[in-house]
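Everything below concerns the one structure shown next.
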Amino acid sequence: MMIEKSGSIQLKEISLPEDASPELRELAQGMVRVKHLYRSALKVAVTQMEILDEEFASLYDHTPIHHIEYRIKTVDSIVDKLKRRGHEVTIDNIFAHIQDVAGIRVICNYLDDIYYLRSLLTRNESFKVIREVDYIKEPKDSGYRSLHLIVEVPIVISEGTLHLPVEIQLRTIAMDMWASLEHELRYKSNRDFNETEAARLRLCSEAVYEVDREMQNIYQGHAPEYHV
């Protein structure tokens, strides 16, 4: 199942003041071009995921992909990220410094599925992994777990072939549940989030990881290793 989180953008959707300078109008037009190019790269990467998913569904009794979510960053989010990093808001700086304009989240059934998909992606000659961070083996201080890849994806345009980065996050259903609720509790609820609650969420993350490991063992038919 493919879930798109955001759509494309058109020039009329970018609000400009009536007295906007030619430079600002040129930047707005450039933003539309940026979104189109990254959306094209996203389509290529998502299509590859669909091919893998369909292949496993037809050949095996198990598919590693539960569902896929994908999105293009909003213009406001791109601008905010450039400013936070101390860069001038220009089209060139978007290409040079923002690697997650296009993002895919792949939700897998089991832990091993994550690393199996990773191996398939890295064997693909069309895709080049330029950055990898394993937050599963070394989770963030918050307890967040996921495998992050930045992959260069080729797209064919009128000027030739262009390679653009796409961020791919791979996580289990349980990890995605924890990450969604953690984000809701920490950033979206009208409450003062304190260190005690953060510690409780870290414990939940550990518990979720143990559930993932046990479900993997059950699927593989392995007996649990009890330590007496």
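Within the range 84-99, residues that are farther than 14 Å from L164 by Cα reach partners that are surrounded by 14 or more Cβ atoms within 10 Å (Cβ to Cβ) and among the hydrophobic types (A, V, I, L, M, F, W, C) with beta carbons closer than 6 Å, at six or more positions or on different chains, in the pairs V89/V79; V89/L82. Restricting attention to the range 152-169, the residues being open to solvent by 50 Å² or more (accessible area, probe 1.4 Å) and aliphatic (A, V, I, L, M) number 2. Do you know which residues across the range 170-218 are open to solvent by less than 80 Å² (accessible area, probe 1.4 Å), part of a helix (DSSP H, G or I) and hydroxyl-bearing (S, T, Y)? Passing the criteria: S180, S205, Y209. Within the range 131-145, can one find any residue that is aliphatic (A, V, I, L, M) and within 18 Å of V46 (Cα to Cα)? The answer is no, given that none of the residues of the range 131-145 is aliphatic (A, V, I, L, M) and within 18 Å of V46 (Cα to Cα).
The rows are residues; the columns are (1) open to solvent by less than 80 Å² (accessible area, probe 1.4 Å); (2) at pLDDT below 85; (3) more than 23 Å from the chain's Cα centre (by Cα).
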residue	(1), (2), (3)
K5	no, yes, no
S21	yes, yes, yes
S40	yes, no, no
E50	yes, no, no
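Can you tell me which residue is nearest to Q216 (Cα to Cα) among those in the range 104-130 that are open to solvent by 70 Å² or more (accessible area, probe 1.4 Å) and free of Cβ contacts under 8 Å to residues at least 12 places away in the same chain? Among those residues, the one meeting the criterion is R123. H148: open to solvent by less than 50 Å² (accessible area, probe 1.4 Å), free of Cβ contacts under 8 Å to residues at least 24 places away in the same chain and closer than 29 Å to I94 by Cβ, yes or no? The answer is yes for H148.
The values are calculated or read from the model by the stated rules, or taken from the named source; none is laboratory data. Keep in mind it's a predicted model, so treat the numbers as computed, not measured. FYI the Cβ positions are ideal-geometry reconstructions off the backbone, even for glycines, and counts take in every protein chain you see. We work out accessible area using only protein heavy atoms, side chains counted, and drop any ligands, DNA or RNA first. Shrake-Rupley method; radii C 1.70, N 1.55, O 1.52, S 1.80 Å.
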